[in-house]
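What follows is a set of notes on a single structure, which appears directly below.
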Amino acid sequence: MWVAAGALGVWAAAQGAKGAENVENASLVVALITLGVTVAGMMRKPQDERAAAEWRLPGMLIAALGIVVALAVGATLWMLIHKPDRNITDLVKLSGNTGMRFGGTADLVYDQPPERENLALTLTLENPHPGGNCVTPARMTVTPKVDGRELKAREAVSGQELPLQLYGAERRVEAQVLLTVPDPACVLDLRVSEAVLHN
Amino acid sequence: MKRHLWPVALVFCLLLAACQGGVRPTPTAGAPSPFLPPKGKGIVHVGVVSDHPGWSTLEVGSEQRNGFDIALITWLKSGLKIHHEYTGLSLGERESALVGKRVQMVVATFSMTDLRKKRIDFAGPYMVTYQGAMVRAGDDRIKTENDLVAGGRHVCVVERTTSYDALLPHRGPKLRLTVVSAQKQCVERLLAGQVDAMSTDQLVLYGFAEADKRLRVIPDLTFGFAEQYGIGLPDNDRADCEILREKLQEFLDTSTWDLFFRQHFRNVPPDLIDKHKPRQVDPCD
């Protein structure tokens, strides 16, 4: 049981932040199965005890072997095909991101092969001045580009995660961010608070 | 059998706990909401100022409070079915009163700013105004923003306000700032000829000018950020913010806002009224 719990823990950790929903769903299924097995065990008749004792050692060996094989196959599939999430927050190059006013644009570039299907991008706006209600009403229109191809623009507010599909990008990922803010006196700085490539 | 059950139960509990990862904590955990049921038992302590004509004044003797902010509080009280008590605050105390839990909300020409939002929450805006300037009636030396900030004038502002923040970068030989703790002190210094002008939100100045005809707001002189007034709330008070946000949107969408505005700011040119009315209340952070 401890081996199984450990294996599940390793698997859950390998999912990364963006696979949290999968982990939650799988955990619920496993939890219900575990509960079912436990309840069934409690309801077993006493005469079954002897037969169960005979099967205990071979059963444990089979289970351990199964877990080892499953882990090996799972890890291989995970590393070679699915691939773990990759945090590229510090690798995204930004330009034009400071002192942005209404209508200003900033450019984001990740100039390496992404090797993943999706990018979870979270952009944050900061008001460096003591005055102004600027961040909450501000809107960002993000136009992604993969290998030079422009994709459909998306709108986001500060701190909102944008899920972007990369459509098999092989060389680089770029994005242009257009700022709109109701108060023309607002001057804002843009930064990437999180950028994670994932499948 | 029992020996094998407890790890099973432990794993089950751990996995169920893991399934709860997506559930958000209650926003008001630890701080009872004055607006959520059961209402009517507790008293909501509302922070207000007492010396802003047009916005919020306290008549000595009758202890009557009047002004746009007071009318808004009364309207909210009726709609939300709550009991309230006023707590008089100075402008500089508004934020600390919320942080220190002296009051549960502040309605006091309180500009929503990104900096303040790091410490407190806001529901709003319910009013928009800009920095303006007021002089003695008959004094027309100041006409533009440049005259104000670079004309060698003595200008009075209140500490810990957005007006102070807006003028501070210009402080020097061309702009002599007199910093006081209340707007009323600026008015007194202006009338006494100790300063050439006072600067704060233009709608606040219109309130003072309405109350004393020796004062004049310079109508075309506005500068700085749009000052958006909101209701100040303690930090992370999202549940209450959502309730007030809904009510404020109703306040803007009906004729109530216009009625209150015309009643308290008779001297604002009619063609300028619309620029003070926000169209949409911001989402709660």
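Each value in this text was obtained by applying a stated rule to the coordinates, not by laboratory testing. The structure presented is a predicted model; accordingly, all values stated were derived computationally and were not measured. Glycine also receives a Cβ, built like all others from the backbone with ideal geometry; neighbour counts cover every protein chain displayed.
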Where the centre of each part is set by its Cα atoms, how far does the stretch B:174-213 sit from the stretch B:42-68, in angstrom? 20 Å
For A:Glu115 and A:Arg172, compute 0.36 nm times the residue count separating them, minus their Cα-Cα distance, and round to one decimal in nm. 19.5 nm
What pairs from B:Lys77/B:Lys275; B:Lys117/B:Lys277; B:Lys118/B:Lys143 go past 25 Å between their alpha carbons? B:Lys77/B:Lys275; B:Lys118/B:Lys143
Neighbour-count ranking [beta-carbon atoms within 10 angstrom, fewest first] of A:Leu57, A:Leu91, B:Leu80: A:Leu57, A:Leu91, B:Leu80
Put +1 on the Cβ of each Lys and Arg and -1 on the Cβ of each Asp and Glu in the protein assembly as shown; which of B:His276, B:Val135, A:Pro144 then has its Cα farthest toward the positive end of the dipole? A:Pro144
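At a Förster radius of 41 Å, what calculated FRET efficiency corresponds to the Cβ-Cβ distance of B:Gln64 and A:Gln160, to the nearest 0.05?
Working: r = 46 Å, r/R0 = 1.13.
Approximately 0.35, to the nearest 0.05.
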Would you please give the FRET efficiency between B:Lys275 and A:Leu61, computed as 1/(1 + (r/R0)^6) with r the Cβ-Cβ distance and R0 = 60 Å, to the nearest 0.05? 0.15
Under Stokes-Einstein, with the Kirkwood radius over Cα pairs standing in for Rh, what whole-number D in µm²/s applies to the protein assembly as shown at 37 °C and 0.692 mPa s? 121 µm²/s
Taking a crude spin-label model, label points 7 Å out from Cα along the C-beta direction, the B:Arg189 to A:Thr143 distance in nm is 5.1 nm
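Counting DSSP beta bridges with both partners in chain B, what percentage is antiparallel, nearest 5?
On the way: 22 of 38 bridges.
Of those bridges, close to 60 percent are antiparallel.
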Using alpha carbons only, how many angstrom separate the centre of the stretch A:122-199 from the centre of the stretch B:245-275? 35 Å
Sequence neighbours fewer than 8 away in the same chain don't count; with that in mind, list the aspartates and glutamates whose C-alpha is under 14 Å from A:Lys93. A:Asp107, A:Asp111, A:Glu174, A:Glu194
Estimated distance in nm for a label pair at B:His154 and A:Ala153, the labels positioned 7 Å out from Cα along Cα-to-Cβ: 5.3 nm
Work out the length of the dipole vector of the stretch A:69-121 about its Cα centre, built from +1 on the beta-carbon of each Lys and Arg and -1 on the beta-carbon of each Asp and Glu, and round it to the nearest 20 debye. 80 debye
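Under the Kirkwood approximation for Rh and a Cα-based Rg, what ratio Rg/Rh is obtained for the stretch B:195-285?
1.02
Among B:Asp147, A:Asp189, which comes first, second and so on when ranked by fewest other beta-carbon atoms within 10 Å?
Details: B:Asp147 18, A:Asp189 15.
If I rank by nearby Cβ atoms, fewest first, I get A:Asp189, B:Asp147.
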Förster radius 51 Å - calculated FRET efficiency between A:Ser95 and B:Arg266, Cβ distance, rounded to 0.05: 0.50
Given 4 °C, 1.567 mPa s and a Kirkwood radius over Cα pairs, the Stokes-Einstein diffusion coefficient of chain B in µm²/s is 63 µm²/s
Given labels modelled 7 Å from the Cα in the Cβ direction, how far is it in nm from B:Leu115 to B:Leu259? 3.8 nm
Considering only C-alpha atoms, what is the centroid distance from the stretch A:82-113 to the stretch B:86-145, in Å? 36 Å
